[in-house]
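Before any comments, here is the structure.
The values are calculated or read from the model by the stated rules, or taken from the named source; none is laboratory data. For clarity, every value in this text was computed on a predicted model and none was experimentally measured. We place every Cβ from the backbone using ideal geometry, glycine too, and count neighbours over all the protein chains shown.
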Amino acid sequence: MYKPEENKIIKDARNCSYKEKYRPQFHFAPAKNWMNDPNGLVYYDGEYHLFYQYTVNSTTPDFPHMHWGHAVSKDLIHWDELPPAIAPDEDGAIFSGSAVADLNNTSGFFHQEGSGLVAIYTNEGNQVQSGKPQVQSLAYSRDRGRTWIKFEGNPVLFPASETADFRDPKVFWHEESSRWVMALAARDRVEFYTSEDLKAWSFASEFGSTLPFVHRGVFECPDIFQVAVDNDPNNKKWVLALSVGDQNGENMNDPQPPAGGSGMMYFIGHFDGHSFMPDKTIASIHDIQWIDYGSDFYAAVTWNGIPNEDGRVIWIGWMNNWRYATVLPSLEWRGNMSLPREIQLKKYPEGLRLIQQPVTEINKLRNPVTTLKDLVVKLGDNPLSGATALKAEIIGEFEIGTATEFGFKVRKSSNQETVIGYDVLNEAMFLDRTNAGSVDFHSDFVAKHTAPLKPEHKRIQLTIYVDGSNIELFGNDGSAVITDLIFPDHESQGLELYAVGGSVKVISLQINSMNGVWERGSGAI
């Protein structure tokens with residue numbers, strides 16, 4: 001049994017001020033050290049579990065010694081950091097994977113308890129078979145994830161041929177076929193496996209190896225889930241999401257994610273428990289659907305085990321990009337998670353599209369500050385003069401007028417600002433961080449990111465979350481999203497509402513100050 005060294009990690013978390021420079025106040029970040037991909041997202045016995053790739057003694061990734069970090073929450077917003085859950089051993093480092101609640105004890109691990117948690121993860125550096133360093137292994141917990149026992153029969157799954165890339169298993173229970181399904185990233189494809197007991201796995205099918213335009217980087221962190229279309233429970237589609245790693249110089253004819261580096265794409269189709277069939281043929285680069293148009297949303301996966309009465313599909317992503325992930329200017333920790341987001345599908349004239357919005361639980365952090373309605377803004381106006389926004393939610397709805405561009409300047413000072421706006425002529429929202437503060441730690445960080453966004457009834461709606469080094473921008477209720485990191489000085493707290501080339505009508509504007517989640521714990525430890 002792996003019994004974590006509780007005192008050090010809990011002491012670090014309890015002694016951390018969570019007030020360090022650039023520290024987000026309502027996004028999860030560990031008290032110290034490096035984190036990347038979310039792992040093992042599962043709801044069980046009243047708790048949301050968030051596991052993640054974690055380096056225990058460094059703010060850079062120590063891949064040979066990667067652990068699963070661990071945090072729990074009762075509301076997806078307030079998190080308690082627990083000791084690392086699963087540690088590397090002779091079988092290799094603990095890379096990404098998933099966790100399930102084995103409610104019917106299909107695994108046989110929970111004789112007296114009746115149910116428990118099973119983690120399915122990639123061992124990196126395994127020596128059992130030559131040329132196959134990445135294999136899949138199991139661990140199980142009989143005490144709500146606090147301690148873990150590694151399965152004595154590990155590893156449970158090897159690649160069929162030699163490969164360095166065979167990882168990131170996402171496992172879920174498929175009701176229609178009454179069996180477990182695993183989606184696994186195998187370099188240029190997703191492989192599907194099935195199991196009755198989580199221990200013996202059979203190959204079912206593969207997807208993606210022959211797709212054009214999608215292989216610029218290695219596939220990572222696949223996820224597949226079912227979502228209602230336009231909130232109709234009788235009309236559901238399957239979504240296959242893929243993270244695409246940053247592979248400079250490889251498959252350079254294939255398009256990179258919209259903001260460059262690593263990013264995420266998705267496919268909508270049908271899954272029968274055996275194979276995935278997309279609804280749409282990928283005939284050109286324009287057929288690729290991207291999940292986020294910013295640099296810093298990656299490796300997102302959904303929570304298993306959310307109760308049917310809740311009904312939501314919720315995921316969370318790592319706010320970073322492999323182009324510059326290891327050199328971010330935060331010193332005590334490096335890396336944090338996005339806000340948890342609910343996923344929906346919505347019909348548009350051009351077809352079905354994935355919609356993302358922060359979970360409604362975020363509302364409990366709001367403190368209303370400013371409300372404006374039916375206001376016309378033109379060049380030179382700033383009705384928010386004197387306002388500040390260090391940790392804030394900004395919700396604005398605009399009616400297209402004569403202005404060619406309008407929006408907000410946040411984290412503003414005499415020499416710094418991040419510009420978030422809408423380009424009327426090109427029908428695109430954007431986030432410009434070229435003058436956002438510290439930008440010289442990597443040449444690719446300076447950027448202006450854009451996302452296509454058509455007006456709806458001649459109106460544009462923007463929702464912005466500003467939090468330390470984090471910005472999440474949702475356009476038209478989440479039909480387009482830009483997620484970006486910024487590193488401004490603490491003194492850069494100003495806020496401006498602006499218009500260029502004419503005037504724009506502000507139908508409504510709500511600015512809320514957001515409570516910090518570190519001001520109290522949820523008592524889950």
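The table below gives the values:
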{"read-out": "Extreme residue, nearest to the chain's Cα centre (by Cα), among residues of segment 385-413 that are modelled with pLDDT of 95 or more and part of a loop (DSSP other than H, G, I, E, B)", "value": "Ser413"}
{"read-out": "Some residue of segment 482-491 being assigned to a strand (DSSP E or B) and aromatic (Phe, Trp, Tyr)", "value": "no"}
{"read-out": "Tally, over segment 322-374, of residues that are not aromatic (Phe, Trp, Tyr) and not in a strand (DSSP E or B)", "value": "23"}
{"read-out": "Test: residue in segment 263-286 that is outside any strand (DSSP E or B), closer than 24 Å to Gly478 by Cα, assigned by TED's automatic domain parsing to the domain that holds Val42 and charged (D, E, K, R)", "value": "yes"}
{"read-out": "Segment 430-447, residues that are closer than 23 Å to Leu495 by Cβ and without any contact (Cβ under 8 Å) to a residue 24 or more places away in the chain", "value": "Asp432, Thr434, Asn435, Val446"}
{"read-out": "Flag if Trp315 is among the hydrophobic types (A, V, I, L, M, F, W, C), at negative phi, in contact (Cβ under 8 Å) with a residue 60 or more places away in the chain and in a loop (DSSP other than H, G, I, E, B)", "value": "no"}
{"read-out": "Count of residues meeting criterion [aliphatic (A, V, I, L, M) and surrounded by fewer than 23 Cβ atoms within 10 Å (Cβ to Cβ)] in segment 273-320", "value": "8"}
{"read-out": "Residues being at pLDDT below 95 and under 21 Å from Ser243 (Cα atoms) - total across segment 91-120", "value": "0"}
{"read-out": "Count of residues meeting criterion [over 15 Å from Ala480 (Cβ atoms) and modelled with pLDDT under 95] in segment 350-368", "value": "0"}
{"read-out": "Residues of segment 439-477 that turn out to be surrounded by fewer than 21 Cβ atoms within 10 Å (Cβ to Cβ) and assigned to a loop (DSSP other than H, G, I, E, B), as a count", "value": "14"}
{"read-out": "Selected residue (criterion: surrounded by the fewest Cβ atoms within 10 Å (Cβ to Cβ)) from residues of segment 106-128 that are without any contact (Cβ under 8 Å) to a residue 60 or more places away in the chain and under 13 Å from Val156 (Cα atoms)", "value": "Val128"}
{"read-out": "Count - residues of segment 379-401 that are in contact with a Leu (Cβ under 7 Å, 6 or more places away or on another chain), more than 28 Å from Leu425 (Cβ to Cβ) and not β-branched (Val, Ile, Thr)", "value": "1"}
{"read-out": "Checking Asp80 against (1) of a type in the set (D, E, K, R); (2) in contact (Cβ under 8 Å) with a residue 60 or more places away in the chain; (3) assigned to a loop (DSSP other than H, G, I, E, B), the condition it does not meet", "value": "(3)"}
{"read-out": "Any hit, segment 374-381, residues being closer than 26 Å to Pro257 by Cβ and of a type outside the set (A, V, I, L, M, F, W, C)", "value": "no"}
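A quick yes/no check of all residues on (1) assigned by TED's automatic domain parsing to the domain that holds Gln134; (2) surrounded by fewer than 22 Cβ atoms within 10 Å (Cβ to Cβ); (3) at pLDDT 95 or above; (4) more than 17 Å from the chain's Cα centre (by Cα):
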{"position": "Pro30", "(1), (2), (3), (4)": "yes, no, yes, no"}
{"position": "Thr55", "(1), (2), (3), (4)": "yes, no, yes, yes"}
{"position": "Asp62", "(1), (2), (3), (4)": "yes, yes, yes, yes"}
{"position": "His70", "(1), (2), (3), (4)": "yes, no, yes, no"}
{"position": "Ala87", "(1), (2), (3), (4)": "yes, yes, yes, yes"}
